[in-house]
Amino acid sequence: MIRVGIMGGSFDPVHSGHLCIAKEAAEQLGLDEVLFIPANRSYNKDPGENTQPEERLDMLRLAVEGDPFFRVCTAEIERGGTTYTVDTLREFKETWGKDRELVFILGADSFLTLEKWREPEELFRLCRFAVVSRPGFDDDGLEERIIKAEEKYDTVIYRFSSPGLDISSTDIRKRISDGRSFRYFMPEGVWKYITDNDLYGFRPEFYPEAAVYIEKLERELKPSRFRHTLGVAGEARKLARVYSEDPHKAYTAGLLHDCAKNFDREKTFELCRRYGVELDEVLKAQPDLIHSFLGAETARAEYGVKDGDILNAIKYHTTGHGGGMSRLEMIIYLSDMIEPNRAYFKGLDKIRKLAYYDLESAMEEALEQTISFNREKGRLIHPLSSGAYSYFKELNRRKPIEQRKDFTGSKSGS
Ligand code: ATP
Ligand code: MG
């Protein structure tokens, strides 16, 4: 007979406590597999406060990835409404009949609430329970309660042991919203999912490196520049998610893109000499363009950034370049233009929409706007910008017609 372990819970989020007891139960009780079944809505918890069922499901899938004994079951989410375990077990019995023994795994805290669940007698008829003690919960009298239940429901209740992990989803949610660390309480993939999607009030500035950058930038930049910087970082992070780029890298590049912007003229030239930033004729004539090139060197030297893609995104965020910009470079270039604090200019809305639709078309549009704006002002156009504009124009022109997008989302035939 196949023995199937069942881990029910809200998994909001799943953590190592859940995974460890599931593994221990499987080993000690000889389970052939363990099904993790996220509740759609637990009968005893406030609905909708934290995450969507789909998000809890995604996290569980990431958590069990690579473990051949663990599976995720969507039965309760698919059924919708308030979740009652008895309904789930009935469904299983209908499907599997007597072929499988169902072993429902419970922490002591949950076991002690069992009599409040819907139809406890039926529950004991449909499955066997396996109980493990849970640190942080008083389990005085647990053994007596187990024996009593065994007598009352004429069943055997399994006991198994686990090295106690005093971890709960409630505590993790609190840690996240307080900005404390929670990284090692769960598999890496779940941690990344939470941070990438800002779940549970996670704020990106909680990253240890980001917090250091932000503190330094706040000291060095003018308040309006600092606000713009946070706007660019946030926008870049959003775009990164849309285009499957690393959101942390995008956030870092966004934070540091203007790190050399508020240096005075003297310091700018002195640092260019020190870091070997070469000044061509256009940069000499328009020193406000220097901050991007110097910014990359400053990010490297003063902020300890080593990642070449981040440094290039900073370096080319004002001019762009025609050598095939990386996605991160485009994301930073565009975020700088479209971040929410950006003062309105004609064409901003179009670039904003395009940026979330097709980076390359957005680049063409953004460069065209920038070049004509600067021409009107009588400024020199940096050859890197003209090169970038021709590059994107040509690239977009060559795209198959169905890939060419205009900002309304319809296909552009011209
Ligand atoms: P919350 O704090 O939101 O109630 P939780 O951490 O208790 O979350 P649940 O999803 O409620 O997690 O729990 C699912 C099952 O896992 C329950 O049976 C619970 O007793 C058990 N469990 C959770 N964490 C642990 C742990 N650290 N040790 C032992 N059992 C645990
Ligand atoms: Mg709980």
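Read-outs: derived from the displayed coordinates by stated rules, not from any lab. These numbers come from a predicted model, not from an experiment. Cβ sites come from the backbone with ideal geometry, for glycine too, and all protein chains shown count toward neighbours.
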Exercise. Say we join alpha carbon atoms closer than 10 Å with springs in a Gaussian network model of the chain; which of ASP336, ASP140, ASP87 then has the biggest fluctuation?
Worked result: ASP140
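What FRET efficiency comes out for ASP178 versus TRP117 if R0 is 41 angstrom and r is the Cβ-Cβ distance? Round to the nearest 0.05.
Details: r = 32 Å, r/R0 = 0.78.
Efficiency, rounded to the nearest 0.05: 0.80.
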Seminar exercise, completed: Mean separation of Cα contacts under 8 Å (at least 6 apart) over the residue count of segment 2-183, i.e. the relative contact order in percent, is 25 percent
For this session: Based on a Kirkwood Rh over C-alpha pairs, give the Stokes-Einstein translational diffusion coefficient of segment 65-150 at 20 °C and viscosity 1.002 mPa s in µm²/s.
Result: 147 µm²/s
Exercise. In straight Cα distance, which aspartates and glutamates are under 18 Å from LYS93, not counting same-chain residues fewer than 8 positions off?
Worked result: ASP32, GLU33, GLU76, GLU78, GLU101, GLU119, GLU121, GLU122
Exercise. What helices does the chain hold that run 27 Å or longer along their axis, going by alpha-carbon atoms, with a Kyte-Doolittle average of -1.0 or more, using DSSP H for the helix calls?
Worked result: 223-242
Exercise. Any idea what % of Cα-Cα pairs in segment 186-298 are farther than 25 Å?
Worked result: 32 percent
Exercise. Rg to Rh ratio, segment 86-202, alpha-carbon atoms and Kirkwood radius?
Worked result: 1.06
Problem set entry | Relative contact order (%) - criterion: Cα under 8 Å, at least six apart; region: the chain | 11 percent
For this session: Give, in nm to one decimal, the length gained when the segment between ASP87 and TYR243 is fully stretched (0.36 nm per residue of separation minus the Cα-Cα distance).
Result: 52.1 nm
Problem set entry | Centre separation in Å (Cα based) which lies between segment 27-85 and segment 134-180 | 18 Å
For this session: Any chance you could list the semi-axes, whole Å, largest first, of the equivalent ellipsoid that the Cα gyration tensor gives for segment 203-403, using √(5λ)?
Result: 25, 21, 15
Exercise. Calculated from DSSP H runs of 4 or more alone, at -39500 (n - 2.57) each and per residue, what is the 222 nm mean residue ellipticity of the chain, nearest 500?
Worked result: -16000 deg cm²/dmol
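Can you list which of the GluC sites (Glu not before Pro) found in segment 17-94 are DSSP loop residues with at most 10 other C-beta atoms within 10 Å?
When the GluC sites (Glu not before Pro) of segment 17-94 are filtered for loop state and at most 10 Cβ neighbours within 10 Å, GLU49 remain.
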For this session: Based on the mean of other Cβ atoms within 10 Å per residue, sort peptides 322-333, 95-106 so the most packed one is first.
Result: 322-333, 95-106
For this session: Kindly flag which residue pairs out of LYS192/LYS306; LYS238/LYS399; LYS350/LYS377; LYS45/LYS353 have an alpha-carbon separation exceeding 29 Å in this structure.
Result: LYS45/LYS353
Seminar exercise, completed: Hydrodynamic calc, the chain: Kirkwood Rh from Cα pairs, then Stokes-Einstein at 20 °C with viscosity 1.002 mPa s, so D in µm² s⁻¹ is 86 µm²/s
